[in-house]
Amino acid sequence: MADGQIALVRVLNLERDTEYFHASSVSLTPGMRCIVDHGGLRLGVVKSLLAAGEGIGEQLERIVRLATAADLDAYERNRTGAERVLFSTREAIARHELPMYLVAAEYTLDRSHLRIYFTAPHRVDFRVLLRELTTLFGVRIELRQMGVRDEARIKGGVGRCGRTVCCYTFLREPKPVPMELAYDQELFVSPERLTGICGRLMCCLSYEHEAYKRELKGMPKLGTSVSYDDKCGKVIAHNIFRHTVTILTNAQERIEANVASVKIIPSGKKSKR
């Protein structure tokens with residue numbers, strides 16, 4: 001194979017990037033730890049391999065070499081050093097009275113580049129702070145502002161379901177979740193019950209949204225007048241999993257009925273019961 005191999009690598013950075021890298025001169029097997037050139041040298045874990053097509057390797061970042069024991073030690077030292085960076089940076093932010101909340105920091109493996117993540121209510125002019133931090137730490141520094149969803153993706157946490165939040169485990173690019181998704185699924189509860197640890201609507205509301213819309217199309221809408229088993233009333237709830245509707249009869253009785261057994265009363269026709 002003239003172009004060598006392509007390796008899918010999970011980069012061990014805060015954003016847990018999973019990318020394809022060119023492994024032209026490195027012999028790899030899945031599970032191996034390697035050093036990749038990904039905005040600087042970073043530690044990664046090989047997930048899978050495939051043959052490189054003609055010219056494909058030239059378009060990808062490269063795997064530099066296999067990781068050594070010294071690389072693993074440097075990775076752990078850098079994680080400890082990043083905690084000290086946050087402490088010193090918080091002091092500098094306080095001195096400059098900037099409306100910034102620090103989230104995390106990380107070094108590249110060779111400490112040539114330091115990235116500091118923060119959130120803020122609006123855009124912040126941090127040019128003076130950046131010059132001070134560059135002098136203090138003696139490396140190239142990137143201050144990266146992020147949203148609250150991105151903060152949860154980096155820091156993780158436990159969701160209302162009792163599991164680690166999706167954005168930390170597998171959801172790579174969290175997207176805005178509009179309130180319409182909750183309305184479409186008839187989740188008529190307080191917004192607090194639908195809110196994740198980031199303070200925004202939970203991403204999982206989007207997982208079954210299309211299924212809800214598809215199933216609800218075949219059911220009478222809320223408020224529709226229907227008849228069932230010689231009783232008349234209005235639809236007040238749906239259950240797409242059991243394919244049933246809840247009917248509030250004219251006698252104020254609640255009945256759960258299969259959709260196939262319910263008849264819609266045409267508009268303008270008065271029910272007698």
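The values are calculated or read from the model by the stated rules, or taken from the named source; none is laboratory data. These numbers were taken from a predicted model, which means no experiment stands behind them. Every residue, glycine among them, receives a Cβ derived from its backbone with ideal geometry; neighbour counts consider all protein chains shown.
Yes/no per residue for (1) buried (at least 18 other Cβ atoms within 10 Å of the Cβ); (2) at pLDDT 90 or above:
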{"site": "Pro176", "(1), (2)": "no, no"}
{"site": "Leu181", "(1), (2)": "yes, yes"}
{"site": "Ile197", "(1), (2)": "yes, yes"}
{"site": "Cys203", "(1), (2)": "yes, yes"}
{"site": "Tyr207", "(1), (2)": "no, yes"}
{"site": "Leu248", "(1), (2)": "no, yes"}
{"site": "Ala251", "(1), (2)": "no, yes"}
{"site": "Ile255", "(1), (2)": "no, yes"}
Helices (runs of 4 or more DSSP H) lying entirely in segment 132-191 (those with 1 or more residues that are over 13 Å from the mean Cα position of the chain (by Cα)): 180-184
Please tell me if Val85 is crowded, with 19+ Cβ neighbours inside 10 Å and not in a strand (DSSP E or B). yes
Give the residue that is surrounded by the fewest Cβ atoms within 10 Å (Cβ to Cβ), with candidates limited to residues of segment 46-79 that are modelled with pLDDT of 95 or more and polar (S, T, N, Q). Thr68
Residue check: is Tyr75 closer than 29 Å to Cys166 by Cβ and in a strand (DSSP E or B)? no
With the condition kept exactly as written, say whether any residue in segment 214-233 is closer than 27 Å to Val158 by Cβ, in a strand (DSSP E or B), in contact with a strand residue (DSSP E or B) (Cβ under 7 Å, 6 or more places away or on another chain) and not polar (S, T, N, Q). no
Hits in segment 28-44 - residues which are buried (at least 17 other Cβ atoms within 10 Å of the Cβ), in a strand (DSSP E or B) and out of contact with any helix residue (DSSP H, G or I) (no Cβ under 8 Å at 6 or more places or on another chain): Cys34, Val36, Leu41, Arg42, Gly44
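Each row is one residue, and each column tells you yes or no for (1) within 28 Å of Tyr20 (Cα to Cα); (2) in contact with a helix residue (DSSP H, G or I) (Cβ under 6 Å, 6 or more places away or on another chain).
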position	(1), (2)
Ser48	yes, no
Ala51	yes, no
Leu60	yes, no
Ala70	yes, no
Ala74	yes, no
Leu86	no, no
Thr89	no, no
Leu98	no, no
Tyr107	yes, yes
Considering residues of segment 89-110 that are outside any loop (DSSP other than H, G, I, E, B) and of a type in the set (A, V, I, L, M) only, the residue surrounded by the fewest Cβ atoms within 10 Å (Cβ to Cβ): Ala94
